[in-house]
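So the structure is just underneath, and the comments pick up after that.
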Amino acid sequence: MRDGECGAVTERTLELFRDDAYMRNCEAEVIEVNERGGIVLDKTVFYATGGGQPGDVGSVGLASGEISIGATIRVGGDIVHVPFENQPAPPPGGEVTATIDWENRHLLMRMHTATHLLCSVVPCGVTGGSVGPTKSRIDFDLADHILDKKHLNEEINRLIDENHNVETIWISREEFDAQPQLARTMTVKPPADAQRIRLVKIGEDVDIQSCGGTHVLSTGEIGRLRVGKIENKGARNRRVNIHLEE
Ligand SMILES: [Zn+2]
(Lines give C-alpha, C1' and ligand atoms only; values in the text may rest on other atoms or scores of the structure.)
Protein backbone atom coordinates (compact mmCIF):
# COMPACT_ATOMS: atom_id res chain seq x y z
CA MET A 1 0.00 0.00 0.00
CA ARG A 2 0.98 3.64 0.14
CA ASP A 3 4.21 3.63 1.98
CA GLY A 4 6.04 6.42 3.67
CA GLU A 5 9.22 4.74 2.53
CA CYS A 6 8.54 4.84 -1.23
CA GLY A 7 11.80 4.96 -3.03
CA ALA A 8 13.86 4.88 0.13
CA VAL A 9 16.75 2.48 0.33
CA THR A 10 18.08 1.93 3.79
CA GLU A 11 21.66 2.99 4.16
CA ARG A 12 23.02 -0.38 5.17
CA THR A 13 20.60 -2.94 3.79
CA LEU A 14 19.82 -3.85 0.19
CA GLU A 15 16.03 -4.26 0.00
CA LEU A 16 15.59 -7.26 -2.29
CA PHE A 17 11.79 -7.37 -1.86
CA ARG A 18 11.45 -4.00 -3.64
CA ASP A 19 12.30 -5.45 -7.04
CA ASP A 20 11.24 -9.05 -6.47
CA ALA A 21 8.46 -9.64 -3.96
CA TYR A 22 8.60 -13.38 -4.74
CA MET A 23 12.08 -13.97 -3.26
CA ARG A 24 11.56 -16.21 -0.26
CA ASN A 25 15.14 -16.28 1.02
CA CYS A 26 18.59 -14.82 0.57
CA GLU A 27 22.13 -15.25 1.83
CA ALA A 28 23.22 -12.24 3.88
CA GLU A 29 25.88 -10.95 6.22
CA VAL A 30 25.10 -9.82 9.76
CA ILE A 31 26.00 -6.12 10.09
CA GLU A 32 24.87 -5.60 13.65
CA VAL A 33 22.87 -7.11 16.50
CA ASN A 34 21.39 -4.34 18.65
CA GLU A 35 21.07 -4.38 22.44
CA ARG A 36 17.57 -5.82 22.18
CA GLY A 37 18.65 -8.65 19.91
CA GLY A 38 17.40 -7.05 16.68
CA ILE A 39 19.40 -8.19 13.65
CA VAL A 40 20.53 -5.88 10.81
CA LEU A 41 21.66 -7.59 7.58
CA ASP A 42 23.49 -6.30 4.50
CA LYS A 43 20.54 -7.46 2.37
CA THR A 44 17.12 -8.88 3.09
CA VAL A 45 13.90 -10.32 1.66
CA PHE A 46 11.99 -9.21 4.82
CA TYR A 47 9.54 -6.32 4.37
CA ALA A 48 9.49 -3.99 7.39
CA THR A 49 6.15 -2.79 8.80
CA GLY A 50 5.08 0.34 6.97
CA GLY A 51 2.43 1.86 4.74
CA GLY A 52 -0.28 -0.24 6.41
CA GLN A 53 1.42 -3.55 5.59
CA PRO A 54 2.75 -5.64 8.50
CA GLY A 55 6.41 -6.66 8.49
CA ASP A 56 7.44 -10.21 7.62
CA VAL A 57 7.98 -13.09 10.02
CA GLY A 58 10.33 -15.98 9.30
CA SER A 59 13.79 -17.14 10.29
CA VAL A 60 17.46 -16.28 10.17
CA GLY A 61 19.47 -19.49 9.69
CA LEU A 62 22.99 -20.01 11.03
CA ALA A 63 25.26 -23.01 10.67
CA SER A 64 24.33 -23.86 14.28
CA GLY A 65 20.55 -23.54 13.96
CA GLU A 66 17.68 -21.17 13.28
CA ILE A 67 16.57 -17.93 14.92
CA SER A 68 12.80 -17.33 14.65
CA ILE A 69 11.92 -13.79 13.62
CA GLY A 70 8.63 -12.52 15.05
CA ALA A 71 8.58 -9.01 13.53
CA THR A 72 10.42 -6.78 11.07
CA ILE A 73 10.52 -3.07 11.77
CA ARG A 74 12.33 0.07 10.72
CA VAL A 75 14.53 1.72 13.30
CA GLY A 76 16.18 4.88 12.06
CA GLY A 77 17.47 3.96 8.63
CA ASP A 78 17.66 0.24 9.32
CA ILE A 79 15.45 -2.78 8.68
CA VAL A 80 15.59 -4.70 11.97
CA HIS A 81 14.70 -8.42 12.16
CA VAL A 82 13.32 -8.88 15.68
CA PRO A 83 13.70 -12.42 17.10
CA PHE A 84 11.36 -14.02 19.60
CA GLU A 85 12.83 -13.97 23.12
CA ASN A 86 15.58 -16.23 24.45
CA GLN A 87 17.28 -17.15 21.21
CA PRO A 88 20.98 -17.09 20.37
CA ALA A 89 22.34 -13.95 18.66
CA PRO A 90 24.24 -14.40 15.38
CA PRO A 91 27.85 -13.14 15.36
CA PRO A 92 28.38 -9.80 13.57
CA GLY A 93 30.04 -10.50 10.22
CA GLY A 94 28.54 -13.99 10.15
CA GLU A 95 26.86 -15.46 7.06
CA VAL A 96 23.17 -16.31 7.47
CA THR A 97 20.17 -17.30 5.37
CA ALA A 98 17.14 -15.02 5.80
CA THR A 99 13.87 -16.82 5.01
CA ILE A 100 10.38 -15.31 5.16
CA ASP A 101 7.19 -17.16 6.08
CA TRP A 102 6.05 -17.34 2.45
CA GLU A 103 2.46 -18.41 3.13
CA ASN A 104 1.90 -15.37 5.30
CA ARG A 105 3.68 -13.02 2.87
CA HIS A 106 1.80 -14.29 -0.16
CA LEU A 107 -1.52 -13.67 1.62
CA LEU A 108 -0.32 -10.13 2.40
CA MET A 109 0.73 -9.59 -1.24
CA ARG A 110 -2.69 -10.73 -2.48
CA MET A 111 -4.49 -8.58 0.06
CA HIS A 112 -2.27 -5.57 -0.47
CA THR A 113 -2.87 -5.68 -4.23
CA ALA A 114 -6.60 -5.96 -3.49
CA THR A 115 -6.49 -2.67 -1.58
CA HIS A 116 -5.22 -0.98 -4.77
CA LEU A 117 -8.22 -2.39 -6.63
CA LEU A 118 -10.51 -1.05 -3.93
CA CYS A 119 -8.88 2.38 -4.36
CA SER A 120 -9.49 2.17 -8.09
CA VAL A 121 -13.23 1.50 -7.72
CA VAL A 122 -13.83 4.21 -5.10
CA PRO A 123 -13.00 7.59 -6.71
CA CYS A 124 -12.36 9.34 -3.39
CA GLY A 125 -9.47 10.47 -1.21
CA VAL A 126 -7.81 7.81 0.95
CA THR A 127 -7.22 8.77 4.58
CA GLY A 128 -5.81 5.49 5.91
CA GLY A 129 -5.65 1.75 5.54
CA SER A 130 -4.40 -1.52 6.89
CA VAL A 131 -3.46 -4.82 5.25
CA GLY A 132 -3.90 -8.19 6.99
CA PRO A 133 -3.48 -11.77 5.70
CA THR A 134 -7.21 -12.34 5.16
CA LYS A 135 -8.85 -9.02 6.00
CA SER A 136 -7.91 -5.46 5.05
CA ARG A 137 -9.47 -2.04 5.15
CA ILE A 138 -9.26 1.35 3.49
CA ASP A 139 -10.63 4.59 4.91
CA PHE A 140 -12.07 7.03 2.39
CA ASP A 141 -13.06 10.66 2.51
CA LEU A 142 -16.25 10.35 0.46
CA ALA A 143 -17.37 13.98 0.26
CA ASP A 144 -20.80 13.43 -1.40
CA HIS A 145 -19.99 10.14 -3.13
CA ILE A 146 -22.30 7.23 -2.21
CA LEU A 147 -20.91 3.70 -1.79
CA ASP A 148 -22.84 0.68 -3.03
CA LYS A 149 -21.47 -2.55 -1.53
CA LYS A 150 -22.89 -4.81 -4.21
CA HIS A 151 -21.38 -2.64 -6.96
CA LEU A 152 -17.97 -2.59 -5.21
CA ASN A 153 -18.05 -6.38 -4.89
CA GLU A 154 -18.81 -6.85 -8.58
CA GLU A 155 -16.25 -4.29 -9.76
CA ILE A 156 -13.38 -5.62 -7.64
CA ASN A 157 -14.02 -9.22 -8.65
CA ARG A 158 -14.32 -8.18 -12.29
CA LEU A 159 -10.85 -6.56 -12.10
CA ILE A 160 -9.54 -9.78 -10.55
CA ASP A 161 -11.12 -11.91 -13.29
CA GLU A 162 -9.64 -9.64 -15.98
CA ASN A 163 -6.19 -10.60 -14.63
CA HIS A 164 -4.43 -7.27 -15.11
CA ASN A 165 -0.63 -7.03 -14.87
CA VAL A 166 0.79 -5.38 -11.77
CA GLU A 167 4.01 -3.49 -12.58
CA THR A 168 6.59 -1.60 -10.55
CA ILE A 169 7.90 1.60 -12.13
CA TRP A 170 10.52 3.97 -10.71
CA ILE A 171 10.33 7.66 -11.56
CA SER A 172 12.34 10.70 -10.57
CA ARG A 173 11.35 13.10 -7.82
CA GLU A 174 10.65 15.80 -10.44
CA GLU A 175 8.28 13.56 -12.41
CA PHE A 176 6.49 12.60 -9.20
CA ASP A 177 6.13 16.18 -7.95
CA ALA A 178 4.56 17.13 -11.30
CA GLN A 179 1.77 14.53 -10.79
CA PRO A 180 0.31 14.97 -7.27
CA GLN A 181 -2.49 12.46 -8.02
CA LEU A 182 0.11 9.65 -7.78
CA ALA A 183 0.08 9.94 -3.97
CA ARG A 184 -3.37 8.49 -3.27
CA THR A 185 -3.21 8.63 0.51
CA MET A 186 -3.79 12.14 1.78
CA THR A 187 -1.76 11.55 4.93
CA VAL A 188 1.16 9.46 3.66
CA LYS A 189 3.65 10.74 1.13
CA PRO A 190 7.06 9.45 0.06
CA PRO A 191 9.89 10.89 2.18
CA ALA A 192 10.85 14.40 1.17
CA ASP A 193 14.44 13.33 0.48
CA ALA A 194 13.64 10.30 -1.74
CA GLN A 195 15.09 10.97 -5.20
CA ARG A 196 13.47 7.95 -6.85
CA ILE A 197 9.81 7.20 -6.28
CA ARG A 198 8.32 3.74 -6.68
CA LEU A 199 4.99 3.49 -8.48
CA VAL A 200 2.71 0.48 -8.70
CA LYS A 201 0.68 0.34 -11.89
CA ILE A 202 -2.22 -2.07 -12.45
CA GLY A 203 -3.33 -2.74 -16.02
CA GLU A 204 -3.34 0.07 -18.57
CA ASP A 205 -5.60 2.33 -16.54
CA VAL A 206 -6.91 0.42 -13.50
CA ASP A 207 -4.73 2.09 -10.85
CA ILE A 208 -1.39 3.83 -10.49
CA GLN A 209 0.00 5.19 -7.24
CA SER A 210 3.20 5.54 -5.26
CA CYS A 211 3.68 2.54 -3.00
CA GLY A 212 6.56 0.76 -1.28
CA GLY A 213 4.75 -2.46 -0.39
CA THR A 214 4.77 -5.98 -1.85
CA HIS A 215 2.23 -7.00 -4.52
CA VAL A 216 1.35 -9.99 -6.70
CA LEU A 217 2.25 -9.86 -10.42
CA SER A 218 -1.30 -10.04 -11.75
CA THR A 219 -4.72 -9.40 -10.27
CA GLY A 220 -5.94 -12.94 -10.99
CA GLU A 221 -3.54 -14.18 -8.30
CA ILE A 222 -5.58 -12.37 -5.63
CA GLY A 223 -8.44 -14.89 -5.77
CA ARG A 224 -12.03 -14.26 -4.78
CA LEU A 225 -12.70 -11.19 -2.61
CA ARG A 226 -15.71 -10.16 -0.61
CA VAL A 227 -16.51 -6.59 0.42
CA GLY A 228 -17.47 -6.72 4.09
CA LYS A 229 -18.75 -4.09 6.46
CA ILE A 230 -18.77 -0.45 5.40
CA GLU A 231 -18.32 1.46 8.66
CA ASN A 232 -19.35 5.02 9.31
CA LYS A 233 -16.35 7.01 10.56
CA GLY A 234 -17.84 10.49 10.56
CA ALA A 235 -19.92 12.69 8.28
CA ARG A 236 -17.72 12.19 5.20
CA ASN A 237 -15.62 9.20 6.13
CA ARG A 238 -16.25 5.50 5.56
CA ARG A 239 -14.12 2.45 6.29
CA VAL A 240 -14.47 -0.32 3.69
CA ASN A 241 -13.44 -3.83 4.82
CA ILE A 242 -12.46 -6.52 2.34
CA HIS A 243 -11.97 -10.25 2.94
CA LEU A 244 -10.23 -13.06 1.06
CA GLU A 245 -12.79 -15.75 0.38
CA GLU A 246 -10.47 -18.80 0.44
ZN1 LIG B 1 0.81 -1.10 -2.72
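Odds and ends about this structure:
- Condition check for His151: assigned by TED's automatic domain parsing to the domain that holds Arg110 and out of contact with any Gly (no Cβ under 6 Å at 6 or more places or on another chain): yes
- Considering residues of the range 54-109 that are of a type outside the set (A, V, I, L, M, F, W, C) and assigned to a helix (DSSP H, G or I) only, the residue surrounded by the fewest Cβ atoms within 10 Å (Cβ to Cβ): Glu103
- Residues that are of a type in the set (Asp, Glu) and within 16 Å of the ligand (Cβ to nearest atom) were ranked within the range 191-239; the one that is least open to solvent (accessible area, probe 1.4 Å) is Asp207.
- Residue, nearest to Ala71 (Cα to Cα), within the range 14-42, restricted to residues that are more than 16 Å from the ligand (Cβ to nearest atom) and either in contact with a helix residue (DSSP H, G or I) (Cβ under 6 Å, 6 or more places away or on another chain) or among the hydroxyl-bearing types (Ser, Thr, Tyr) (or both): Arg24
The values are calculated or read from the model by the stated rules, or taken from the named source; none is laboratory data. Worth saying up front: this structure is predicted, and the values here are computed from it rather than measured. Positions of Cβ are backbone-derived with ideal geometry, glycine not excepted, and every protein chain shown enters the neighbour counts. With ligands, DNA and RNA removed, areas are computed over all heavy atoms of the protein, side chains included. Shrake-Rupley method; radii C 1.70, N 1.55, O 1.52, S 1.80 Å.
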